[in-house]
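Written below as structure tokens is the structure these notes are about.
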Amino acid sequence: MRIACGQFSAGSEPQRNLVQIQQLMETAALNNADLLVLPESSLYAGTEPPSVLADVAEPLDGPFISGIAALARGLHLPVVVGTAEANPGGLPFNTLVALDSEGSVQGTYRKVHLYDAFGYRESDGTSQGAIAQPSLLSFGQLRLGMLTCYDLRFPESARYLVDAGANVLLLPAMWIVGPGKEDHFNILVRARAIENTTYVVTANQCGPLATAYSIVVDPFGVVIANAGEAPGVIFAELEPERIAAVRTRVPSLRNRRFTVVPRDLH
């Protein structure tokens, strides 16, 4: 599978963000990607308080996701993208949407761990997603599970997806800048790959708000693609044979003696 990660800096105008996304999608399609992963908060990003999201969030059939779906259909390119999903019952959700090559919704993931850390409170403007059975995407022998940004700091989230059959973890992010944050991102992504013997594919936003440096890491913890600081698209080949070889050499999933039981489902 040839996977692509699109990195850009979203702003406060969804239509302008859609223009940037179109450029990334066209690049990915031109380079024969089987799937493009885009960042968290691709609909809207800014320095305003989290409460502003209630005014900009859209339903999944709104103009933002519908625009990306039309592009996916025209380019025959599956896409995973982060948005603010309107919630008639309360604050919006931080949602990942997986669209297939026909522009149809193939799966969604509402962020479970909200970013109430480093002096910020995402929960002031966002509803927490319920823990549910994972919605996995299938590409041949590869099963792709979705996580969002701050979920990276909770190894149980990754293991929950792996227990459900995922051997590739997708992580759209808007990893906010700050002392040590770039190192945290790199280290934690590699740790999730190593401990789960899975690929981890990240799509982070660029500066000034986020750290950039989207990476793809193989099941042995090797960085096989790095986007650096600038907007653009990176590509990596994901191989089921590599997963099998690493898991034969390091059978840590077979050797473990603990299972993950989500608190909300216990």
When you scan the range 178-236, how many residues do you find that are basic (K, R) and buried (at least 16 other Cβ atoms within 10 Å of the Cβ)? 2
For the range 68-77, enumerate the residues that are in contact with a strand residue (DSSP E or B) (Cβ under 6 Å, 6 or more places away or on another chain) and either open to solvent by 20 Å² or more (accessible area, probe 1.4 Å) or of a type in the set (K, R) (or both). none
Those residues of the range 1-36 which are touching a Phe, Trp or Tyr at 6+ places or on another chain (Cβ under 7 Å) and either open to solvent by 70 Å² or more (accessible area, probe 1.4 Å) or under 19 Å from I176 (Cβ atoms) (or both) amount to A10, S12
In the range 120-160, what residues are in a strand (DSSP E or B) and either within 17 Å of the chain's Cα centre (by Cα) or of a type in the set (A, V, I, L, M, F, W, C) (or both)? L137, S138, F139, L142, R143, L144, G145, M146
Residues (of a type in the set (G, A, S) and open to solvent by less than 40 Å² (accessible area, probe 1.4 Å)) located in the range 37-67: S41, S42, A45, G46, A57, G62, G67
Can you find a residue that is on the phi > 0 side of the Ramachandran plot, assigned to a loop (DSSP other than H, G, I, E, B) and among the β-branched types (V, I, T) anywhere in the range 205-222? no
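The values are calculated or read from the model by the stated rules, or taken from the named source; none is laboratory data. Because the structure is a prediction, the values reported are computed rather than measured. When we count neighbours, we look across all protein chains shown, and the Cβ atoms used for this are built from the backbone with ideal geometry, even at glycine. Heavy atoms of the whole protein, side chains included, go into the accessibility calculation; ligands, DNA and RNA do not. Shrake-Rupley method; radii C 1.70, N 1.55, O 1.52, S 1.80 Å.
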